[in-house]
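Structure first, then comments.
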Amino acid sequence: MMLDQWLFQALFSLSGRSPILDNGIIFLAVYLPYFIGFATLLYLAVTLPWRRLIQASIATLLSVVLSRFILGESIRYLLPRIRPYTALNLHSLFPELSHSFPSGHALTLFAIGGSAYFYNKRLGIVFCGLSVLVVLARVAAGVHYPSDVTIGALIGLGSAYLIHRSAMPYIKIHDQKVSG
C-alpha cells in the first residue's frame with residue numbers, strides 16, 4: 001500500500017467513530033478557515049500602518065489568485081483526480097463536487113499564511129499551523145488524500161514567496177496630496 005493511501009486510511013479512520021469527533025472534524029475542515037481568515041485580517045488591520053496593510057492585502061490577493069485560480073485550476077484540468085470517498089466507495093463527512101488534486105483549501109490557506117509571514121512572522125506561522133489542522137481534517141473527512149493537501153500547501157507557500165519576491169518590490173503605496 002502506498003504511503004498516501006496508508007496515511008489517508010489512518011486519518012480517515014478517525015471519522016465515523018463518534019458524533020462529537022465527526023463534528024470536530026467538520027468544524028476544523030469547513031468552518032475554521034473562516035475564523036482564522038477573519039482573525040488574521042483583523043489582527044493585521046489593527047497592527048499594520050495603512051500603507052503596509054494595503055501592500056499586504058495586494059500581496060495576499062495576488063498569491064491566492066496565482067495559487068488557487070491559475071496554478072491550482074491548471075493542475076486540476078491537466079491531472080483530474082477523483083475524491084477519495086468516491087474512488088474508494090466510502091462515506092465522507094461532507095460532500096465535495098470538484099476534483100481533489102490539489103486541495104483548493106490548502107492552496108488558498110497556505111498562500112494567505114505564506115503572505116502573512118512576510119508581514120508578521122509569528123502570525124504567518126500561527127496561520128499556517130492552524131491551516132495544517134484544517135487540511136488534516138479534510139483528509140480525515142474523506143475529501144482529500146494527504147498528497148492533495150501537501151502539494152496544495154507547497155504551491156500556496158511557493159506562490160506567496162514568488163509574489164513577495166518578484167511583484168511586491170514594484171508596488172509602492174504613496175500618499176496623494178490633495179490641492180485645494
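Please determine whether any residue of segment 97-104 is touching a residue at least 60 places away in the same chain (Cβ under 8 Å), in a loop (DSSP other than H, G, I, E, B) and more than 17 Å from the chain's Cα centre (by Cα). For segment 97-104, residues touching a residue at least 60 places away in the same chain (Cβ under 8 Å), in a loop (DSSP other than H, G, I, E, B) and more than 17 Å from the chain's Cα centre (by Cα): absent. Exactly one residue out of PHE127, PHE69 is buried (at least 19 other Cβ atoms within 10 Å of the Cβ), out of contact with any Pro (no Cβ under 7 Å at 6 or more places or on another chain) and not aliphatic (A, V, I, L, M), and it is PHE127. Can you list residue pairs whose Cβ atoms sit under 6 Å apart, with the first residue in segment 142-157 being of a type outside the set (Asp, Glu) and the second being surrounded by fewer than 24 Cβ atoms within 10 Å (Cβ to Cβ) and not in a helix (DSSP H, G or I)? Count only pairs 6 or more apart in sequence or on different chains. If the second residue must be surrounded by fewer than 24 Cβ atoms within 10 Å (Cβ to Cβ) and not in a helix (DSSP H, G or I), the pairs left are GLY142/LEU90; GLY142/SER92; VAL143/ARG83; VAL143/SER92; VAL143/GLU96. Within segment 2-14, residues that are over 14 Å from ILE25 (Cα atoms) have Cβ atoms under 7 Å from residues that are among the polar types (S, T, N, Q) and part of a helix (DSSP H, G or I) in these pairs: ASP4/SER147, counting only partners at least 6 apart in sequence or on another chain. Could you check how many residues of segment 28-58 are over 19 Å from CYS128 (Cβ atoms) and surrounded by fewer than 16 Cβ atoms within 10 Å (Cβ to Cβ)? Of the residues in segment 28-58, 7 are over 19 Å from CYS128 (Cβ atoms) and surrounded by fewer than 16 Cβ atoms within 10 Å (Cβ to Cβ).
Only one of the numbered conditions (1) of a type outside the set (Asp, Glu); (2) modelled with pLDDT under 90; (3) closer than 19 Å to VAL143 by Cα; (4) within 19 Å of the chain's Cα centre (by Cα) is violated by LEU41, and that is (3).
The one condition from (1) over 26 Å from ILE20 (Cβ atoms); (2) without any contact (Cβ under 8 Å) to a residue 60 or more places away in the chain; (3) of a type outside the set (Val, Ile, Thr) that ASN120 does not meet is (2). For VAL30, the requirement of being out of contact with any Lys or Arg (no Cβ under 8 Å at 6 or more places or on another chain), part of a helix (DSSP H, G or I) and free of Cβ contacts under 8 Å to residues at least 40 places away in the same chain is not met. Take the conditions (1) of a type in the set (Ser, Thr, Tyr); (2) farther than 22 Å from ARG165 by Cβ; (3) under 14 Å from the mean Cα position of the chain (by Cα); (4) not in a loop (DSSP other than H, G, I, E, B); TYR77 misses just one of them, which is (3).
Out of ARG52, ARG68, one residue alone is at pLDDT below 95 and of a type in the set (Lys, Arg). It is ARG52.
Only residues that are surrounded by fewer than 24 Cβ atoms within 10 Å (Cβ to Cβ) and either of a type outside the set (S, T, N, Q) or modelled with pLDDT of 95 or more (or both) were counted across segment 109-124, and they come to 7.
The values are calculated or read from the model by the stated rules, or taken from the named source; none is laboratory data. Because the structure is predicted, anything quoted here is derived from the model rather than measured. All Cβ positions, glycine included, derive from the backbone under ideal geometry; neighbour counts span all protein chains shown.
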